[in-house]
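Report on the structure given below.
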Amino acid sequence: MNCLRISLLTTAALTLSALAADLPKVDLGNVREEHLMIPMRDGKRLSAYAYIPSGGGKKWPAIFEQRYADITSAGSRKASAKWAGSGGFVIVVVNYRGTHESEGQWRGYRGLEWGPLRDGYDVCEWLATQPWCTGKIGTYGGSQAGYAQNYLAPSQPPHLVAQYMTDTGLSLFQEGYRMGGVTRPLRFANMGLVAHDPADSEALLREWDQHPDYDNYWRDEDCTLHFDKMNLPCFTIGSWYDFMIQGSIASFNGRQDHGGPQSRGQQHLVLGPWLHGGYPKSNKIGELVFPENAMFDVYGDMTKWFNHYLKGEDNGAEKVPTVRYYVMGAAGEPEAPGNFWREAQEFPPHVGGTPLYLRADGELKHTSPSEAASATSYASDPRQPMNIPGASFPGAKDARSFEQQSEVRTWTTDPLVQPIEWTGEVKAEIYASSTAKDTDFILRVSDVYPDGRSMLLMDYPLRARYRNGFDKEVLLTPGKPAKLDWHIGWTSIILNKGHRIRVTIASTGAPLYEPNNQTGGRQTMDWMKNAVPAINTIWHDKTHPSHIIVPEITPTQAHFELP
């Protein structure tokens, strides 16, 4: 949409915004809150709330965030106003098309991208023309707002100067509606709660049903195919206890190595021992308490970043180390190695993979099996699934409540005789069979403390039909072992002497991972009306040496503290 049309619609947008229902009064200090209805290129308007510092007639840079979640809670409003007042920016929080008070049809992230609707682009350029704006724009936010930033960057709005992302994503097929090919229909059915018209959400789910595999439909919103069009500096934060850390790391590397000239070599990455979301990033994570040096002041760092790029301050924000990552150590063990920050020019470090083999009797060893035949079986019944509660990864918590369920199997090392560092990606190479044509495998890795706590580091599922790639389905031959390779997670940790390493495998873990009906049939919202039980088998013999591959390196004490 051109600037002339934006300016013609500005007055109408601001006037009509006054019709919005008044929000409950909240003390926002000396910051002014305005409800805006921002015009898009197709005439629809998006609901936004702007927080404008005091000082009549003065102009500030604007920083905006896009969400489908509610933007009118007291907490959200107070946080935005506080940052606006202390940082000297206009902070604008915008709801996605078709959600809450925003007009148009809810189609997930489709309106944010590089197609006929470019809502992020239009918001950016509209904000730049406002009388309180200097014309310099930044974006911020994580998770859904991180996705929005990756969708915005390839459209290259002229006034967008810099971005700041936390716990971000790149592809909804990989990090949203599906994980490892495992569909999540019940989770996304709840998206109807944010849609202006719940029928839009139902229609979107039906649309997804028509695209079970990674096809052109999903490629159309896969940011990894558009790094070359991302052309601006971005600061990215990832969290070790978050499955979406894969998106944060891939986004950094894609922009750093394959972005435009204003992107390559101008990215920064911080990885720390945190869960998904949250400002600031705390040192109290799940059931673990790390030293205070694990905390990270996101608002303070964002302010420094945007002061440099939007206000021109020579504050060194662009000169910090390219990569900083926290090497975790055992929590609550004062003499344990680890719990320090390391700086680098790239991530991950160049580390060869070290195999840890699943063995008979639940053992996990560095030596491969020699038995001619060895296997472990369990039942997988989608109508009676094992239980992983909640809708988010339960990292940094004791996983024994899952491990002790009847159809879950574990493999554990002997106590470590010396500390071992892992920094990088953990992968799995598992040989498995099933009496069914299709099934899921959920693999978890835990740090087992001397007192028996099995503290979950990572997990990730794989739907067996996608073992040869997500663009095609290859069903299992019942009873025949098949090789499954897949990503499990990222970490940097020094596993202390006396601790043990545990691998856990199951085929159900609801409601976090919604069950596979195991028929091999089409994956649709209602596919659980037909479901079959199965016996699944993990093979660990000479011919089928199931193992995980870990990024084991020699520990180093070259560390530093964040300023």
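A few remarks follow.
- Taken as a whole, the stretch 104-126 holds no residue that is touching a strand residue (DSSP E or B) at 6+ places or on another chain (Cβ under 7 Å) and assigned to a strand (DSSP E or B).
- Members of the stretch 519-536 found to be modelled with pLDDT of 95 or more and within 29 Å of the chain's Cα centre (by Cα), listed by number: Gly520
Conditions tested, residue by residue: (1) in contact with a strand residue (DSSP E or B) (Cβ under 7 Å, 6 or more places away or on another chain); (2) in the same structural domain as Ala162 (by the TED database).
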| position | (1), (2) |
| --- | --- |
| Thr183 | no, no |
| Thr224 | no, yes |
| Asp228 | no, yes |
| Thr236 | yes, yes |
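- Criterion: free of Cβ contacts under 8 Å to residues at least 40 places away in the same chain, outside the structural domain of Asp167 (by the TED database) and farther than 30 Å from Gln266 by Cβ - qualifying residue of Ser377, Ser392, Ser406: Ser406
- Strands (runs of 3 or more DSSP E) (entirely within the stretch 329-399) containing at least 1 residues that are among the small types (Gly, Ala, Ser): 340-344, 375-380
- Cβ separations smaller than 7 Å between residues 6+ apart or across chains give the following pairs from the stretch 537-551 residues that are modelled with pLDDT of 95 or more to residues that are outside any strand (DSSP E or B) and surrounded by 21 or more Cβ atoms within 10 Å (Cβ to Cβ): Ile538/Ser546; Trp539/Ser546; His540/Arg359; His540/Pro369; His540/Ser546; Asp541/Pro369; Lys542/Pro369; Pro545/Pro369.
- Yes/no for Ile535 being buried (at least 23 other Cβ atoms within 10 Å of the Cβ) and in a strand (DSSP E or B): no
- Being under 21 Å from Ala375 (Cβ atoms) and of a type in the set (D, E, K, R) holds for only one residue in Lys529, Lys497, Lys472, Lys542, and it is Lys542.
- With respect to the stated conditions, Glu101 is touching a strand residue (DSSP E or B) at 6+ places or on another chain (Cβ under 7 Å) and open to solvent by 40 Å² or more (accessible area, probe 1.4 Å).
- Test: residue in the stretch 250-262 that is among the hydroxyl-bearing types (Ser, Thr, Tyr), within 21 Å of Ser86 (Cβ to Cβ) and at pLDDT 95 or above: no
- Selected residue (criterion: farthest from Ala510 (Cα to Cα)) from residues of the stretch 365-396 that are among the β-branched types (Val, Ile, Thr) and open to solvent by 20 Å² or more (accessible area, probe 1.4 Å): Thr367
- Scanning the stretch 494-544 for residues that are under 16 Å from Glu407 (Cβ atoms) and in contact with a helix residue (DSSP H, G or I) (Cβ under 6 Å, 6 or more places away or on another chain) yields one hit, Thr504.
- Yes/no for Ile63 being part of a loop (DSSP other than H, G, I, E, B), open to solvent by less than 10 Å² (accessible area, probe 1.4 Å) and either at pLDDT 95 or above or in contact with a Leu (Cβ under 8 Å, 6 or more places away or on another chain) (or both): no
- Filter result for the condition that a residue is in the same structural domain as Lys497 (by the TED database), surrounded by 17 or more Cβ atoms within 10 Å (Cβ to Cβ) and either free of Cβ contacts under 8 Å to residues at least 40 places away in the same chain or touching a strand residue (DSSP E or B) at 6+ places or on another chain (Cβ under 8 Å) (or both), over Asp414, Asp451, Asp438: Asp438
- Filter result for the condition that a residue is out of contact with any Phe, Trp or Tyr (no Cβ under 6 Å at 6 or more places or on another chain), of a type outside the set (Val, Ile, Thr), over 26 Å from Arg219 (Cβ atoms) and assigned to a helix (DSSP H, G or I), over Ala199, Ala203: Ala199
- Residues of the stretch 182-197 that turn out to be modelled with pLDDT of 85 or more and crowded, with 16+ Cβ neighbours inside 10 Å, as a count: 5
- When the test is whether a residue is part of a loop (DSSP other than H, G, I, E, B), within 27 Å of the chain's Cα centre (by Cα) and not polar (S, T, N, Q), Lys472 passes it.
- Within the stretch 18-60, considering residues that are in a strand (DSSP E or B) and of a type in the set (Val, Ile, Thr), the one nearest to the chain's Cα centre (by Cα): Ile38
- Matching residues in the stretch 190-222 - criterion: being in contact with a strand residue (DSSP E or B) (Cβ under 7 Å, 6 or more places away or on another chain) and small (Gly, Ala, Ser): Ala195, Ser201
- Residue within the stretch 272-285 that is open to solvent by 10 Å² or more (accessible area, probe 1.4 Å), in a strand (DSSP E or B) and touching a residue at least 60 places away in the same chain (Cβ under 8 Å) present: yes
- Residues that are polar (S, T, N, Q) and either more than 30 Å from Ser263 (Cβ to Cβ) or open to solvent by less than 20 Å² (accessible area, probe 1.4 Å) (or both) within the stretch 198-233 comprise Ser201, Gln210, listed in sequence order.
- Residues of the stretch 261-271 that are open to solvent by 30 Å² or more (accessible area, probe 1.4 Å) and small (Gly, Ala, Ser): Gly265 alone.
- For the stretch 223-245, the set of residues classified as in contact with a helix residue (DSSP H, G or I) (Cβ under 7 Å, 6 or more places away or on another chain) and either part of a helix (DSSP H, G or I) or closer than 24 Å to Arg184 by Cα (or both) consists of Cys223, Thr224, Leu225, Phe227, Asp228, Lys229, Gly238, Ser239, Met244, listed by residue number.
- Checking each residue in the stretch 66-88 for being open to solvent by less than 20 Å² (accessible area, probe 1.4 Å), under 22 Å from Leu112 (Cβ atoms) and in contact with a helix residue (DSSP H, G or I) (Cβ under 9 Å, 6 or more places away or on another chain) picks out Gln66, Ile71.
- Residue tally, condition open to solvent by 20 Å² or more (accessible area, probe 1.4 Å) and in contact (Cβ under 8 Å) with a residue 12 or more places away in the chain, over the stretch 521-532: 7
The values are calculated or read from the model by the stated rules, or taken from the named source; none is laboratory data. Keep in mind it's a predicted model, so treat the numbers as computed, not measured. Don't worry about glycine lacking a Cβ; one is built from the backbone with ideal geometry, like all the others, and counts go over all protein chains shown. Just so you know, the surface numbers come from the protein's heavy atoms only, side chains and all, with ligands and any DNA or RNA stripped out. Shrake-Rupley method; radii C 1.70, N 1.55, O 1.52, S 1.80 Å.
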